[in-house]
Amino acid sequence: MSQSGVSTTGRSRVTANVIRGCLGNLIEWYDWFAYATFSIYFAAAFFPDGDATAQLLSTAVVFAVGFLMRPLGGWLLGAYADRYGRRRALTLSVTLMSAGSLTIALAPGHDVIGLWAPLLLVLARLVQGLSVGGEFGSSASYLAEVAPPGRRGFYSSFQYVSIVLGQLAALLVAIVLQNLLTDDEMQSWGWRVPFVIGAGTRRWPPSSRRRCSPPKSGPWALACRMHWSPPRSAD
């Protein structure tokens, strides 16, 4: 095979791995921003009847709880990646985020289960905070590892691009639903749709990430293999 053919194959592999890595990050941040985007519709479902502003502020407080968990998520999933491999850590982070979204999508309202409704919402946000914290560090490291020398800054920048695309995806879903459903339908059940979408995409990024591979050669190859694959037990 010619040198140009090998170079083209190498670039294609790097591009495919970057796309797979960014897909999971995009969906993580879609789920994260979906909460903020649709909180105006589900605030009344999780908190007692009363002033609409107080209900919205309550959902904002729960949203902030997720930020408190992000450093812990980065530490826990970072340690998990070192022990079991980055591929498993990235797959776990998407699974946790999807579990949080599914919990929000299926959680009964305050009028059905009372105080358990906001408690379930808090639990879901705690899990999602752990997920985002773990995703950020692992995906940043992965994008830098798969990039060829001299291009690591360029390929690593796609992590931020995927964050913005996740936010835009949440806004796009909101625009579509607002044009298809009435305000009453949005407050009744429409706000659950974006969380169902987020939970339903769980199988997509993990399956693509199982096909991700570290670089086969180069100065970072050994470090990538050490962190990408789980350690082998001694015979």
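Laboratory data are not the source of any read-out in this text; all were calculated from the coordinates shown. Just so it is clear, the structure is predicted and the values come from calculations on it, not from any experiment. So basically every Cβ, Gly included, is an ideal-geometry build from the backbone, and we count neighbours across all protein chains shown.
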When 82, 111 are ordered from fewest to most other Cβ atoms inside 10 Å of their Cβ, what list results? 111, 82
Which distance in nm do the two modelled labels at residue 196 and residue 13 give, with both placed 7 Å along the Cα-to-Cβ direction? 4.2
Once Lys and Arg are counted +1 and Asp and Glu -1 for all other residues with Cβ under 12 Å from that of residue 45, the total becomes -1
Can you grab the distance from the C-alpha centre of region 71-98 to the C-alpha centre of region 118-182, Å, no decimals? 14
Any idea what log10 I(q)/I(0) is at q = 0.13, 0.15 Å⁻¹ for region 11-226, Debye with uniform C-alpha scatterers and no solvent? -0.72, -0.91
Say each of residue 83 and residue 171 gets a label point 7 Å from the Cα, pointing the same way as Cα to Cβ; how far apart are those two points in nm? 4.0
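How much FRET efficiency would the formula 1/(1 + (r/R0)^6) give for residue 160 and residue 119, where r is the Cβ-Cβ distance and R0 is 45 Å, rounded to 0.05?
With R0 = 45 Å, the Cβ-Cβ based efficiency is 0.85.
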What is the gain in length, in nm to one decimal, between residue 76 and residue 57 on full extension, counting 0.36 nm per residue of separation less the C-alpha to C-alpha distance? 3.9 nm
Please list, in order along region 153-170, the HN-Hα scalar couplings obtained from phi with the Karplus expression 6.51 cos²θ - 1.76 cosθ + 1.60 (θ = phi - 60°), rounded to whole Hz, x for Gly and Pro. x, 5, 5, 5, 5, 5, 4, 5, 4, 5, 5, 5, 5, x, 5, 5, 5, 5
